[in-house]
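What follows is a short report on a single structure.
The values are calculated or read from the model by the stated rules, or taken from the named source; none is laboratory data. Nothing here was measured: the structure is a model prediction, and the numbers come from that model. Ideal geometry is used to build each Cβ from the backbone, glycine not excepted, and the neighbour counts take in all protein chains shown. Heads up: the accessible areas ignore ligands, DNA and RNA and are worked out on the full protein's heavy atoms, side chains in. Shrake-Rupley method; radii C 1.70, N 1.55, O 1.52, S 1.80 Å.
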Amino acid sequence: MADIDRLNEVIEPEAQALGFELVRVKMMPSEAGDGGMALQIMAEDPATGQLIIDQCAALSRRVSDRIDELEEQGEVLVEGAYHLEVSSPGIDRPLTRPKDFANWAGHEAKIAMDKGFDGQRNYKGELKGIEGDLVVIEDAKAGEVKLDRKLIHSAKLVLTDALIAATQPLDTSGADDIEEEKADD
């Protein structure tokens, strides 16, 4: 379907050229309702921890142009039709990079381990941080646990009042510029 490592190699320089940091690249079912797939790119402006609409659009154009260029050269990065979705990580953001686990220590997180993991697969509690490659979480059931980051299937922050209070307000620049068009009947 798609080589995520190769997609990261292609997309990360495009994000960096705009001053953004790549948070996650993932293939997933599209929300367009057509049964297709979506190439989801989450990135952030390090100054704000988010992307505003204009920044998402700029990154989308750069990535789309770069993928088209590589495909014209014969490299197929994603087989079949797909939608390109570029977004900000949001408040209850995924935790993917070592710095995410360090920066969001003290907040509640949910961690799901890979299917082959030996032991409890799901953890929820206060994120304590990261020690080397071990993510530390104070799980409600298991107590303090150290998990190998390479064996984590997914990790994300849990939306809490404390998280909302600690998160910068979202910038709504450009939101009033969105116009809806009615289809001709």
Taking alpha-carbon centroids only, region 50-77 lies from region 110-172 a number of Å equal to 31
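Mind checking the full-extension length gain between residue 84 and residue 69? Use 0.36 nm per residue of separation minus the Cα-Cα distance, one decimal, nm.
Values: separation 15, 0.36 × 15 = 5.40 nm, distance 1.54 nm.
Length difference between fully extended and current span is 3.9 nm.
Hey, got the dipole for region 22-82? About the Cα centre, +1 on K and R Cβ, -1 on D and E Cβ, debye to the nearest 20?
Details: 5 positive and 12 negative charges, 55 e Å.
Charge dipole of region 22-82: 260 debye, to the nearest 20.
Taking only DSSP H segments of four or more residues, each worth -39500 (n - 2.57), what value at 222 nm results for the chain once the sum is divided by all its residues, to the nearest 500 deg cm²/dmol? Write out the running numbers ahead of the final one.
Numbers: 4 runs with 46 residues, N = 185.
Calculated from helices alone, the mean residue ellipticity at 222 nm is -7500 deg cm²/dmol.
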Quick one: net charge of residue 127's neighbours, Cβ under 14 Å, K/R +1, D/E -1?
+1
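What is the Rg over Rh value, at two decimals, for region 31-104, using alpha-carbon atoms and the Kirkwood definition of Rh? Please report the intermediate quantities before stating the final value.
Numbers: Rg = 14.5 Å, Rh = 14.1 Å.
Radius of gyration relative to Kirkwood radius: 1.03.
Find the lysine pairs in the chain meeting two conditions, Cα atoms under 12 Å apart and a separation of 8 or more places or different chains, and report how many there are.
Working: 110/124; 110/156; 124/141; 124/156; 128/146.
Close lysine pairs found across the chain: 5.
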Taking all protein chains in place and a 1.4 Å probe, what share, in percent, of the accessible surface of the chain do carbon and sulfur account for?
46
Burial ranking of peptide ranges 84-91, 144-151, 71-78 (average Cβ count within 10 Å, highest at the top):
84-91, 144-151, 71-78
Can you tell me the Rg and the Dmax, both Å, for the Cα atoms in the chain?
18.3, 60
Over the chain, with neighbouring protein chains present, the accessible area per residue in Å² at probe 1.4 Å is 60
In debye, nearest 20: dipole of the chain around its Cα centre with unit charges on the Cβ of K, R (+) and D, E (-)?
1220
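Which of the trypsin sites (Lys or Arg not before Pro) across region 17-123 are loop residues per DSSP, with 11 or fewer other Cβ within 10 Å? Show your work: numbers first, answer last.
On the way: sites: 24, 26, 61, 62, 66, 99, 110, 115, 121; in loops: 115, 121.
Here the trypsin sites (Lys or Arg not before Pro) that fit, given the DSSP loop and packing criteria, are 115.
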